[in-house]
1. Give me the net charge for the shell around Glu42: Cβ to Cβ below 15 angstrom, other residues only, Lys and Arg +1, Asp and Glu -1.
2. Whole-Hz Karplus ³J(HN,Hα) for the range 16-33, in order, using 6.51 cos²θ - 1.76 cosθ + 1.60 and θ = phi - 60°, x for Gly and Pro?
3. Counting only pairs 8 or more residues apart or on different chains, how many lysine pairs in the range 6-55 have their Cα atoms under 12 Å apart?
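Read-outs throughout are calculated quantities, based only on the coordinates presented, and are distinct from any laboratory measurement. As the structure is a prediction and not an experimental result, all values here were calculated from the model. Glycine gets a Cβ as well: all are built from the backbone with ideal geometry, and neighbour counts include every protein chain shown.
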Amino acid sequence: MMKRGTKKLKCMNWDPETSKWGEYAPDEIGCREIVEVDSKTEKVLCWRCTSRSVTGVNKFGGATHE
Ligand SMILES: [Zn+2]
């Protein structure tokens, strides 16, 4: 069920070259995560990239398992 006042945004690492956190994208082509956010939110980093950035794991570091 969709809540009012939300929208879907692409993860900032959709385009890693323009993202401040591009080095934490899952691979060179970027992250393909879509995140549901508050309608006022302009930018979002998905939980996957967020967790990479907080643990300091870049795209060449450890494998992730779905
Ligand atoms: Zn992401």
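1. Numbers: positive: Lys7, Lys8, Lys10, Lys20, Lys40, Lys43; negative: Asp15, Glu36, Asp38.
Net of charged neighbours comes to +3.
2. With coefficients 6.51, -1.76 and 1.60, one gets x, 5, 9, 8, 4, 10, x, 5, 9, 4, x, 7, 4, 7, x, 8, 10, 8 Hz.
3. Details: Lys7/Lys40; Lys7/Lys43; Lys8/Lys40; Lys8/Lys43; Lys10/Lys43; Lys20/Lys43.
So the count works out to 6.
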